[in-house]
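The values are calculated or read from the model by the stated rules, or taken from the named source; none is laboratory data. Source: prediction; values computed, not measured. Cβ sites come from the backbone with ideal geometry, for glycine too, and all protein chains shown count toward neighbours. Accessible surface areas use protein heavy atoms only, side chains included; no ligands, DNA or RNA. Shrake-Rupley method; radii C 1.70, N 1.55, O 1.52, S 1.80 Å.
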Amino acid sequence: MTKTAGFRTPAFVSSLPYVGERVYAAAIYCSDGRIGDHVDDFLHHGLNLPRYDRVAVPGGPVALSGRFQAFWDSRGVEEQLRFLAQVHDVKTVVLIAHGNCAYYLRRLGIAPDCVEAEQREDLHKATGAVHRLMSAATVRRYMAQIHGSEVRFEAAGP
Ligand SMILES: [Zn+2]
């Protein structure tokens, strides 16, 4: 048996209070850990959606774009959305694509100059997919653009 680091570490207690109230919103965004805190900041303070439900998967909304390469990813995300709609009563879905996304660059092999246009098209298609799953949902879509050390969230279409 091997000992793992931190085996005897005492329990960590978060200094953040637990609030049980839901905001009935979910965000679908890329699991890239370099933008996770910024997405939280945007949802919490930019959109005033504390405690939103998170659907973080590689590429984010691309999973609902209908792309053949994202077929298996789409199954999981669709299931998560159905669950959140039925059990958490989610009524607002926020879709966020981000600059320098490895899913587009590496998995889909899209040239850097073309990624943003492809992401905007995928956000549009993903909006339709959300509406097919949750006909009454309000969908808001954004591009997270990276400028140096700054991450700027801009609305992508109405
Ligand atoms: Zn990404």
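Of all residues in the range 34-61, those satisfying the criterion of being over 10 Å from the mean Cα position of the chain (by Cα) and either open to solvent by 70 Å² or more (accessible area, probe 1.4 Å) or at pLDDT below 95 (or both) are Arg34, Asp37, Asp41, His45, Asn48, Arg51. Please work out which residue is most open to solvent (accessible area, probe 1.4 Å), limiting yourself to the range 86-104 and to residues that are away from the ligand (no atom under 16 Å from the Cβ) and of a type outside the set (Asp, Glu). Checking each candidate, the answer is Gln86. I'm trying to understand the selection: among the residues of the range 69-85, which are within 13 Å of the ligand (Cβ to nearest atom) and either aliphatic (A, V, I, L, M) or modelled with pLDDT of 95 or more (or both)? Correct list: Ala70 only.
Could you check how many residues of the range 49-68 are away from the ligand (no atom under 14 Å from the Cβ) and within 20 Å of Ala85 (Cα to Cα)? So that I can check it myself, show each step before the final result.
Step one: list which residues in the range 49-68 are away from the ligand (no atom under 14 Å from the Cβ), which gives 49-54, 64, 66-68.
Remaining after also requiring within 20 Å of Ala85 (Cα to Cα): 49-54, 64.
Total meeting the criteria: 7.
Could you tell me which residue of the range 121-145 is nearest to Ile35 (Cα to Cα), considering only residues that are outside any helix (DSSP H, G or I) and touching a residue at least 60 places away in the same chain (Cβ under 8 Å)? I'd like the intermediate steps shown before the answer.
Pass one, the range 121-145, residues outside any helix (DSSP H, G or I): 134-145.
Restricting the remaining residues to those that are touching a residue at least 60 places away in the same chain (Cβ under 8 Å) gives 140-142, 144.
On the way: Arg140: 18, Arg141: 16, Tyr142: 13, Ala144: 9 Å.
Checked the range 121-145; the qualifying residue nearest to Ile35 (Cα to Cα) is Ala144.
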